[in-house]
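J.: My structure is below; once you've seen it, I'll send some questions.
No lab work stands behind these numbers, since they all come straight from the coordinates. What you see is a predicted model, and the numbers here were worked out from it, not measured in a lab. Methodologically, a virtual Cβ is constructed for each residue, glycine included, from the backbone with ideal geometry; neighbour enumeration extends over all protein chains shown.
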Amino acid sequence: MKTQVQWAKAGYFLITGILLLIWPAKAARADEEYNFSWLDPDKKIYVLQNRRYQKAKHIMLSVTGGLGNASAYRNTINIEPRASYYFSEAFGFEAFFNYNFNSENDTLDALRNAVGSTPVLPVIRQVASQAGLLFVWAPWYSKINVFNSILYFDWFFTLGAGMTNTEVETRNSFAADSNLVKESLFSIFWGTGHQYHVNEWFKVRVDFTASHYRAPIFGITGDETWFDNYNFNIGVGFQL
């Protein structure tokens, strides 16, 4: 019995000794696996921001379409071709032309069908088209996991100037014939959006663009004030 106890004690101390020897060695190996101090300090590791798809020194042609918000009395659908060139991954230029399709909305119909009043047509200024040159800044490049696949995208901001072509309805009654007077007005543009890289040449983009211009408050003469126009578009691009 005494011999068995001695053998048990000896086995216990043997196992304990082996564990004490193995654990520091394992910890040392783990430390070696995750310790990157051996790298050249001038080299950096980027995981999230590695660019799989690059746009610098490339031209991209894109077409988008969406909704506009230029007048309280019009529904607006627009189509917008763009041409972009990035001279670096973060900075570039973009030219665009926007054409609007305007139609009467429910607000104007309600005013026309107002009961117990004489319908008087308000001053309506609608945006017919816009064109401008934008400076593009894309500070953020990222990637997200979508249905177990990686989707790369840029988040960009734009600022520029150009022209807004408007049409002013000058008739003062619903009974009169439509009479649109055209004006071309200097405009300031700004916006933001995402550009999703499906592959090296095919892109999907989402754009929000705002414009601000000065024009007469009542029709084509009189005191001026600032008018705003906002477009939200979705479309595709092809990088050359």
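J.: List residues of the stretch 144-185, by number, whose backbone nitrogen lies under 19 Å from a label position 7 Å along Cα→C-beta of Ile220.
T.: Only 164-174, 176-185 pass the distance filter.
J.: Kindly state, to the nearest 0.05, the FRET efficiency for Asn145 paired with Asp106, given R0 = 45 Å and r defined as their beta-carbon distance.
T.: Values: r = 42 Å, r/R0 = 0.93.
Given R0 = 45 Å and the Cβ-Cβ separation, E is 0.60.
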